[in-house]
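Single-structure report; data block below.
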Amino acid sequence: MRDAFAQEIENLASQHKQIVLLSGDIGNHMFDSFKNKFSNRFYNVGVAESNMTGLASGLALSGLKPFTYTITAFNTVRCLEQIRVDIAFQNLPVVIVGVGGGLSYANLNATHHSLEDIAVTRVLPNMTVICPGDPMEVRAALRSFMSFKGPIYMRLGKKGEPNVHSKIPDFTIGKAINIRSGSDACILSCGVLLSNATEASDYLQKDGVSTAVYSFHTVKPLDVPVLKKVFENYKFVFTLEEHGLAGGFGSAISEWLTDTEHLNQVGKLTRIGTPDEFIYGSVDQELSREHFAINTTNIHKKILSTINS
């Protein structure tokens, strides 16, 4: 995903002179081409994420389109006050890009884990929260941002995420993408687990369970028309995210269900994500997913056992 971001932001900067890229001392070689082409529009702010956020707000007030880019944990919870006051409160067109969301940097221990970032950003007024499901959605999302006027938080994986889409999809903020159709159950996938959702759907098909899959790349605002259709037509609905169950994408769906009147709901919601606990020790992303039961094998087992219970 980060390579797709670097390539697409460079392409867009050629077309939009208001783009400015700020880095929190990360991705220096990855952005070499960007720096060579647009040397006056790239700033390595160093390990000073709060300052980077304040600088971005000033650039936005000057009529520019700033993107801040660094590791997710450092670009959200570390500088949450500045995001809240400098960007969200003033409703500025700053794009906050967190790379390595979820457990992407799991081997670097808890300082680099990001299992709360969706929760803390989606509660901020004016903030839009975007979690692309694959590199193609990253490119599509960035293109859609150019005409968007408010603040955005975009959560990326790290590297190696497979393409689920064969080409760059039609992308509208707040509109989920139907990946595949099904009749028995529906998976609403948020972010980097999209390929796991499709793989689990393949396994379920072999079990005789026809499963629809949607990419809910936008956590805020939610795609309400799709949600209504899903919960009125599927007996089993599952949310999937590499994020804490408390406050994440599944929580947002739960809140919407609680607050929605006149819904002819037939679907039971089951949330799949990380529990309310830290993971200790230095293990890679796949082992961390296995620990939290959010790898493909465990997703498949969870859905099948829920349907058969």
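Among the residues of the stretch 138-160, which ones are part of a loop (DSSP other than H, G, I, E, B) and surrounded by 24 or more Cβ atoms within 10 Å (Cβ to Cβ)? Pro151, Leu156, Gly157, listed by residue number.
Of the helices (runs of 4 or more DSSP H) lying entirely inside the stretch 1-101, those carrying at least 3 residues that are of a type in the set (Asp, Glu) are 2-15. Quick one: is Lys65 over 30 Å from Tyr280 (Cβ atoms), at pLDDT 95 or above and in contact with a His (Cβ under 9 Å, 6 or more places away or on another chain)? Yes, satisfied.
Total residues in the stretch 257-284 satisfying the condition of being crowded, with 16+ Cβ neighbours inside 10 Å, under 15 Å from Leu115 (Cα atoms) and at pLDDT below 95: the figure is 1. The requirement of being touching a residue at least 40 places away in the same chain (Cβ under 8 Å), in contact with an Asp or Glu (Cβ under 7 Å, 6 or more places away or on another chain) and open to solvent by 50 Å² or more (accessible area, probe 1.4 Å) is satisfied by Asn107. From Val213, Val192, which residue is assigned to a strand (DSSP E or B) and under 19 Å from Val138 (Cβ atoms)? One residue alone meets the criteria, Val213. Anything in the stretch 173-187 that is touching a helix residue (DSSP H, G or I) at 6+ places or on another chain (Cβ under 7 Å) and either in a strand (DSSP E or B) or open to solvent by less than 10 Å² (accessible area, probe 1.4 Å) (or both)? List them, or say none. Scanning the stretch 173-187 gives Ile179, Arg180, Ala185, Cys186, Ile187. Among the residues making up the stretch 292-309, those that are over 19 Å from the mean Cα position of the chain (by Cα) and open to solvent by less than 20 Å² (accessible area, probe 1.4 Å) are Ile303, Thr306. The set of residues from the stretch 47-64 being crowded, with 22+ Cβ neighbours inside 10 Å, of a type outside the set (Ser, Thr, Tyr) and under 21 Å from Leu156 (Cα atoms) comprises Glu49, Met52, Ala56.
The values are calculated or read from the model by the stated rules, or taken from the named source; none is laboratory data. As the structure is a prediction and not an experimental result, all values here were calculated from the model. Glycine also receives a Cβ, built like all others from the backbone with ideal geometry; neighbour counts cover every protein chain displayed. These accessible areas exclude ligands, DNA and RNA; they are computed on the full protein's heavy atoms, side chains included. Shrake-Rupley method; radii C 1.70, N 1.55, O 1.52, S 1.80 Å.
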